[in-house]
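Comments concern the structure below.
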Amino acid sequence: MQPSSLPARPNIELLKNQAKDLLKAYRAGHPSALERFRLTTRHYSRLPDNDLVRLSLSLGDAQHVLAAEYGFHSWLHMRNHVQRHIHERSDGGNVSDERLYPRISS
């Protein structure tokens, strides 16, 4: 799966809301939400819809899916990247340093 790009001006609140929306869609059994979990989490890749919904996944699970879709190893890495990006943007700094919070390579 090819990672999506973060918005040019990423916002952690927007990303939190996206994760909450994904969790709501998962809980409602929306096929697209279930597929997103399958595509980003190996443990869920072969589970049928009914079994996946019965797992009662959490907001943290949805955050993990979102982070993986954006090419990060974890929500924490993505959140730190976004916070650093916002801080450096406000300081006029360079946002190119990926060493501390690496993205998943494809």
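The values are calculated or read from the model by the stated rules, or taken from the named source; none is laboratory data. Keep in mind it's a predicted model, so treat the numbers as computed, not measured. Ideal geometry is used to build each Cβ from the backbone, glycine not excepted, and the neighbour counts take in all protein chains shown.
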Please go through (1) within 21 Å of S4 (Cα to Cα); (2) in contact with a helix residue (DSSP H, G or I) (Cβ under 8 Å, 6 or more places away or on another chain) for G29 and return the number of the only condition it doesn't satisfy. (1)
Need the failing condition index for S32 against (1) at pLDDT 95 or above; (2) closer than 28 Å to R84 by Cβ; (3) polar (S, T, N, Q), just the number. (2)
Name the residue that is surrounded by the most Cβ atoms within 10 Å (Cβ to Cβ), counting only residues in segment 14-37 that are more than 13 Å from the chain's Cα centre (by Cα) and either farther than 10 Å from L52 by Cβ or among the basic types (K, R) (or both). A25
Restricting to segment 48-84, what's the tally of residues that are in contact with a Phe, Trp or Tyr (Cβ under 7 Å, 6 or more places away or on another chain), under 12 Å from F37 (Cβ atoms), assigned to a helix (DSSP H, G or I) and without any contact (Cβ under 8 Å) to a residue 40 or more places away in the chain? 2
